[in-house]
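Student: Encoded as structure tokens, here's the structure I'll be asking about.
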Amino acid sequence: MVKFKRGPNLPIGLTGVKRMLEKKNADGEYVYTFKVMGDEYIIRGKDDPQYMQEIATFIETEIQSVAKSNPKLNRTQVSVLTALRIADELHKLRKEYRYLEELLEQAK
């Protein structure tokens, strides 16, 4: 479950990934709090804190890249373009994975 808290309207930039807080709740889930583009996010899950830090850093790095290459875009546009970039990469990797699975099946 993702909860969103609106943070101050800060300019796009690497703002809060460096300070991610985590703790365990009564259900044994971690509760992570981190900032991306100036907005604070609270994420609950059982994933390792190190992994969640990597994900938060990856997202912020991708956002930063899109924002730098398109400085006239607003926050929503940067977010959508970042999502498209990540979705494109995921789709291509899934396609490659299926192809490699087929090769492995044929090799058996």
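Student: Do we find that Glu105 is in a helix (DSSP H, G or I), among the acidic types (Asp, Glu) and in contact with a helix residue (DSSP H, G or I) (Cβ under 7 Å, 6 or more places away or on another chain) in this structure?
Tutor: It is false that Glu105 is in a helix (DSSP H, G or I), among the acidic types (Asp, Glu) and in contact with a helix residue (DSSP H, G or I) (Cβ under 7 Å, 6 or more places away or on another chain).
Student: So, one more: Provide a single number: the residues in segment 38-51 that are surrounded by 15 or more Cβ atoms within 10 Å (Cβ to Cβ) and not acidic (Asp, Glu).
Tutor: 3
Student: Looking at Lys72, is it at pLDDT 95 or above, surrounded by fewer than 16 Cβ atoms within 10 Å (Cβ to Cβ) and not in a helix (DSSP H, G or I)? Steps first, please.
Tutor: Details: at pLDDT 95 or above: yes; surrounded by fewer than 16 Cβ atoms within 10 Å (Cβ to Cβ): yes; not in a helix (DSSP H, G or I): yes.
So Lys72 passes the test.
Student: May I ask you to list the residues in segment 52-68 that are surrounded by 17 or more Cβ atoms within 10 Å (Cβ to Cβ) and not acidic (Asp, Glu)?
Tutor: Met52, Ala56, Ile59, Ile63, Gln64, Val66, Ala67
Student: From the list Lys23, Lys5, Lys35, exactly one residue is surrounded by 11 or more Cβ atoms within 10 Å (Cβ to Cβ), at pLDDT below 85 and out of contact with any helix residue (DSSP H, G or I) (no Cβ under 8 Å at 6 or more places or on another chain). Which is it?
Tutor: Testing whether each residue is surrounded by 11 or more Cβ atoms within 10 Å (Cβ to Cβ), at pLDDT below 85 and out of contact with any helix residue (DSSP H, G or I) (no Cβ under 8 Å at 6 or more places or on another chain) leaves just Lys35.
The values are calculated or read from the model by the stated rules, or taken from the named source; none is laboratory data. As the structure is a computational prediction, the values presented were derived from the model and not from experiment. Positions of Cβ are generated from backbone atoms using ideal geometry, with glycine treated the same way; all protein chains shown enter the neighbour counts.
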